[in-house]
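> Attaching a single structure in structure tokens format; questions to follow.
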Amino acid sequence: MPLIAILAGDGIGPEVTAQARRVLDALGLDFSYQEALVGGVAYHQLGHPLPPATLELAKRSDAILFGAVGDPSCDGLERSLRPEQAILGLRKELGLFANLRPATLFKGLEDASALRPEVASAIDLVIVRETNGDVYFGDKGIRTTAAGRREGYDIMSYDEDEVTRIARVGFETARTRQRRLCSIDKANVLETSQLWRDVVIALSADYPDVELTHMYVDNAAMQLVRNPGQFDVIVTGNLFGDILSDQASMCAGSIGMLPSATLNGSGQGLYEPIHGSAPDIAGQGKANPCAAILSAAMMLRHSLGMPEAADRIEAAVAAAILGGARTPDLGGTLSTAAMGDAVLAQIG
Ligand code: NAI
Ligand code: MG
């Protein structure tokens, strides 16, 4: 029986994860759950944001359903003890390098998008973001220069194997869709990006059926709001992907609608909404649980071999939204639990 590790974390993490779990339970599928502490709550209770028992559970699980980490009361801590280190640590320790972030606009949400309805409704893309390298994992620190000034630094680097394996995920993902891959970099300025681009071009020989294009990240930011419909699959590095996927969420109505999967190539994956712990709305029942519920659907599809169950969840969310169910981020008044009820009602 597959084991799902539930790491709900901080802020709205537990609120939205609870709704995802209700939806999973309603499907009557065969798997077991085990919960563990992660993030600020783990730091406060056990002294570390990613305690050994949590990491051990994550390693032996078939899939991880993750909420969010981030706790303002931990802001003054040294970096290694901050809640966000838990998600970075899980990605690194489990080799979770390929973060898939689909962005679509659900029917009925055209008015919730920051873009004009006719521009927004064309969005249907997947961002494939690398999550094991880049400035997030490079040498970093704050040092004092010879002139006596403090200087912060974070080293950006990618080796060619790292680029090849994420680019391969990009090409393979494109093959399941419209066979168009846009690689986003900053090759006009950054050497890391020049290598990235060279490696992606070399790999494209294996995928003659996929149309490959390249775009600088600053232009990509503009194109995502000018005409998001032009993209099918985007492949990019950790930092650019982080920023562009939050941006894409605004085309899709709300950050509370966007799920993600982070895969390591062995079938195991970590599934989480793209949003964080949202301390500004935590504890108020205002969080939109759809991103967490849709992340559970991605888990069923990518790690548990249950694509029909995934389809059922996605159809239920779409039907609930089309039926007018809205949390405050979408301009409605439903609570987190009431939104969960609306999705459950469609599961039947
Ligand atoms: P955030 O994603 O938590 O919130 C950004 C804005 O979106 C806030 O106004 C929030 O209220 C709103 N929002 C987010 N999710 C929502 C939902 N489901 N329904 C309705 N509204 C929603 O990003 P922020 O504020 O930059 O970061 C807060 C904390 O979360 C920080 O500690 C940050 O480091 C952490 N974080 C953790 C992530 C993770 O666990 N993977 C990812 C991003 C941020
Ligand atoms: Mg982010």
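The values are calculated or read from the model by the stated rules, or taken from the named source; none is laboratory data. Please read all numbers here as calculations on a predicted model, not as lab measurements. Cβ: placed from backbone, ideal geometry, glycine included. Neighbour counts: every protein chain shown.
> Would you check which residues across the range 45-87 are within 16 Å of ligand 2 (Cβ to nearest atom) and small (Gly, Ala, Ser) and list them?
Gly67, Ala68, Gly70, Ala86
> Next question. Among (1) of a type in the set (A, V, I, L, M, F, W, C); (2) in contact with an Asp or Glu (Cβ under 7 Å, 6 or more places away or on another chain); (3) over 23 Å from Leu37 (Cα atoms), where does Ala112 come up short?
Unmet condition: (2).
> Search the range 230-250 for residues being of a type in the set (D, E, K, R) and within 15 Å of ligand 1 (Cβ to nearest atom), and hand back the single one that is nearest to Phe171 (Cα to Cα).
Asp242
> Now a separate question. Filter the range 209-228 down to the residues that are more than 16 Å from ligand 2 (Cβ to nearest atom) and closer than 19 Å to Pro259 by Cα and list them by number.
Correct list: Pro228 only.
> Step by step: first the residues of the range 1-46, then only those that are of a type in the set (Asp, Glu) and under 22 Å from Thr336 (Cα atoms), then the one that is farthest from ligand 1 (Cβ to nearest atom). Which residue is that?
Asp25
> Could you list, ordered by first residue, the pairs with Cβ atoms under 8 Å in which the first is in the range 278-305 and not assigned by TED's automatic domain parsing to the domain that holds Leu29 and among the charged types (D, E, K, R) and the second is in a helix (DSSP H, G or I) and surrounded by fewer than 19 Cβ atoms within 10 Å (Cβ to Cβ), at least 6 apart or interchain?
Between residues of the range 278-305 that are not assigned by TED's automatic domain parsing to the domain that holds Leu29 and among the charged types (D, E, K, R) and residues that are in a helix (DSSP H, G or I) and surrounded by fewer than 19 Cβ atoms within 10 Å (Cβ to Cβ), there is no close pair.
> Something else now. With respect to Pro279, determine if the residue is more than 23 Å from Leu109 (Cα to Cα) and within 16 Å of ligand 2 (Cβ to nearest atom).
The answer is yes for Pro279.
> Another question, then. Against the condition within 29 Å of Arg21 (Cβ to Cβ), among the hydroxyl-bearing types (Ser, Thr, Tyr) and crowded, with 24+ Cβ neighbours inside 10 Å, how does Thr236 come out, does it pass?
Answer is no for this residue.
> Any residue in the range 304-316 that is within 16 Å of ligand 1 (Cβ to nearest atom) and at pLDDT 95 or above?
Residues of the range 304-316 that are within 16 Å of ligand 1 (Cβ to nearest atom), as a first pass: none.
No, the range 304-316 contains no residue that is within 16 Å of ligand 1 (Cβ to nearest atom) and at pLDDT 95 or above.
> Please determine, by comparing only the residues of the range 168-192 that are farther than 15 Å from Val126 by Cα and in contact (Cβ under 8 Å) with a residue 12 or more places away in the chain, which one is surrounded by the most Cβ atoms within 10 Å (Cβ to Cβ).
Restricting to residues being farther than 15 Å from Val126 by Cα and in contact (Cβ under 8 Å) with a residue 12 or more places away in the chain, the top hit is Asp185.
> A further question follows. Could you name every one of the helices (runs of 4 or more DSSP H) located completely within the range 21-131 that has at least 3 residues being closer than 16 Å to Ala8 by Cα and out of contact with any helix residue (DSSP H, G or I) (no Cβ under 6 Å at 6 or more places or on another chain)?
40-46, 52-60, 84-93
> Now for a different question. Condition (residue is within 13 Å of ligand 2 (Cβ to nearest atom), in a loop (DSSP other than H, G, I, E, B) and farther than 24 Å from Tyr158 by Cβ) applied to the range 266-273: is it met by at least one residue?
no
> Can I ask one more? Among the residues that make up the range 57-77, is at least one of them free of Cβ contacts under 8 Å to residues at least 12 places away in the same chain, surrounded by fewer than 23 Cβ atoms within 10 Å (Cβ to Cβ) and within 20 Å of Ile4 (Cα to Cα)?
Checked the range 57-77: no residue is free of Cβ contacts under 8 Å to residues at least 12 places away in the same chain, surrounded by fewer than 23 Cβ atoms within 10 Å (Cβ to Cβ) and within 20 Å of Ile4 (Cα to Cα).
> Something else now. Please work out which residue is nearest to Leu334 (Cα to Cα), limiting yourself to the range 254-265 and to residues that are assigned to a loop (DSSP other than H, G, I, E, B) and within 11 Å of ligand 1 (Cβ to nearest atom).
The qualifying residue nearest to Leu334 (Cα to Cα) is Ser254.
> For Phe240, work out the one condition from (1) within 16 Å of ligand 2 (Cβ to nearest atom); (2) more than 30 Å from Arg60 (Cβ to Cβ); (3) in contact with a Leu (Cβ under 8 Å, 6 or more places away or on another chain); (4) not hydroxyl-bearing (Ser, Thr, Tyr) it doesn't fulfil.
(3)
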